[in-house]
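> Quick one: this structure, given as structure tokens, is what I'll be asking you about.
The values are calculated or read from the model by the stated rules, or taken from the named source; none is laboratory data. Please read these numbers as outputs of a predicted model, since none were measured by experiment. Ideal geometry is used to build each Cβ from the backbone, glycine not excepted, and the neighbour counts take in all protein chains shown. Just the protein is used for accessible areas: all its heavy atoms, side chains included, with ligands, DNA and RNA removed. Shrake-Rupley method; radii C 1.70, N 1.55, O 1.52, S 1.80 Å.
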Amino acid sequence: MASTSYFALVPAAGGGARMGAECPKQYLPLAGRPLIRHALATLCAVALVERVYVVLAPDDTFWPEAEFTDLAAKLRVLRCGGATRAESVANGLRAMAGIVAADDWVLVHDAARACLTVDHVETLIRTVGNDAVGGILAVPVADTVKREAYGRIAATVPRDSLWQAQTPQMFRHRMLATALAAAPSVTDEASAVEALGLKPKLVAADTTNLKVTYPFDLHLAEWILANRK
Ligand code: CTP
Ligand code: MG
């Protein structure tokens, strides 16, 4: 079998409604750079990752081209974002199709997970690189989990087998494109692959790989980036 290559696909076409800022959250300043620069720089720094595709909204006027000149060798901008995250990913996969082979790995990563490290990515690649299905970074749920009904606790859900999904989520190009075409309303890639009856691998990461969603998360992310050795 020909050797497979690794590509990254970063959906960044969201509006950041929960952040409530003047611009989409991926363009807010974080540790002196636009938020989106952090994850893209990390992915470009992974030697095994051949190319990093970022999916922007077609009418995006905020993309700071000048911040990315040093990443130009690996970074490619696709202006084909859709109405949902899944649609942005599916559109990105379609745009990559000429360059990426059916069995090549695609690591889909949220632009909003700015604290991703090269080590996180290399752990995922090392653990999943020979897998038949693919896998995702995730963390075991730490809190006791309650199911709610009408403002009251309907049940306590045993947490011992519960994990919180993160990104990157790593699947082969053809499998992921097929999965998303069949399940267009999923909130992550793994759900679409699960709907095919397959069982993606869980790879333990840690809570520093948080998704910047609300204003306070910016402070957390800033602290994590500043205190990392
Ligand atoms: N995303 C995307 N296309 C969309 C919606 C989201 O590419 N139509 C991207 C976001 O830019 C982000 C990632 O998917 O990098 C995860 O989404 P989320 O954190 O929910 O970001 P937003 O959708 O922008 O935020 P919100 O849900 O608060 O509006
Ligand atoms: Mg969203």
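> Restricting to the range 1-100, what percent of DSSP beta bridges are antiparallel, rounded to 5?
Within the range 1-100, antiparallel bridges account for around 15 percent of the total.
> Does anything in the range 98-115 have its amide N under 20 Å from the 7 Å Cα→Cβ label point of Leu225, and if so which residues?
109-115
> Here is a further query. Report ³J(HN,Hα) in whole Hz for each residue of the range 72-81, in order, from the Karplus equation J = 6.51 cos²θ - 1.76 cosθ + 1.60 where θ = phi - 60°; Gly and Pro get x.
4, 4, 10, 7, 10, 9, 10, 9, 9, x
> Please list Met96, Met175 in order of solvent-accessible area, largest first, computed with a 1.4 Å probe with all protein chains present.
Largest accessible area first, the list is Met175, Met96.
> A further question follows. In terms of modelled amide H atoms, which long-range or inter-chain residues lie less than 5 Å from the amide H of Arg76?
Here the answer is Val52, Tyr53, Val54, since their amide H atoms fall under 5 Å of that of Arg76.
> Please calculate how many Å² of accessible area the chain carries per residue, with a 1.4 Å probe and no DNA, RNA or ligand atoms counted. Show your work: numbers first, answer last.
Numbers: 11510 Å² over 229 residues.
Averaged over the residues of the chain, the accessible area is 50 Å².
> Hey, which lysines would be in cross-link range of Lys74, C-alpha to C-alpha under 29 Å, not counting anything within fewer than 8 residues on its own chain?
Cα-Cα hits under 29 Å: Lys25, Lys201, Lys211, Lys229.
> Between Val157 and Tyr214, what is the label-to-label distance in nm when each label sits 7 Å out along the Cα-to-Cβ direction?
1.8
> May I ask you to derive the relative contact order of the chain, considering only C-alpha pairs under 8 Å and at least 6 residues apart, and to give it as an integer percent?
It rounds to 23 percent for the chain.
> Sorted from largest down, what three extents in whole angstroms do the Cα atoms of the chain have along their principal axes?
Principal-axis extents of the Cα atoms in the chain, largest first: 52, 45, 37 Å.
> Then there's this: Using only Cα atoms, locate the centre of the range 20-66 and the centre of the range 179-193, then give the distance between them in Å, rounded to an integer.
Cα centres, the range 20-66 to the range 179-193: 23 Å.
> Over the range 6-227, what percent of the accessible surface lies on carbon and sulfur atoms, probe 1.4 Å?
55
> How large is the charge dipole for the chain, taken about the Cα centre, if only the Cβ atoms of Lys, Arg (+1) and Asp, Glu (-1) carry charge, to the nearest 20 debye?
240
> In the chain, what percentage of the DSSP-assigned beta bridges are antiparallel, given to the nearest 5?
Taking every DSSP beta bridge with both residues in the chain, the antiparallel ones total about 45 percent.
> May I ask you to evaluate 6.51 cos²θ - 1.76 cosθ + 1.60, the Karplus curve with θ = phi - 60°, for each residue of the range 41-53 and list the ³J(HN,Hα) values in order in whole Hz, giving x for glycine and proline?
5, 5, 4, 5, 7, 7, 4, 6, 7, 6, 8, 10, 9
> Label-point separation (nm) for Ala204 and Thr144, each offset 7 Å from Cα along Cα-to-Cβ?
Between Ala204 and Thr144, the simple spin-label model gives 2.4 nm.
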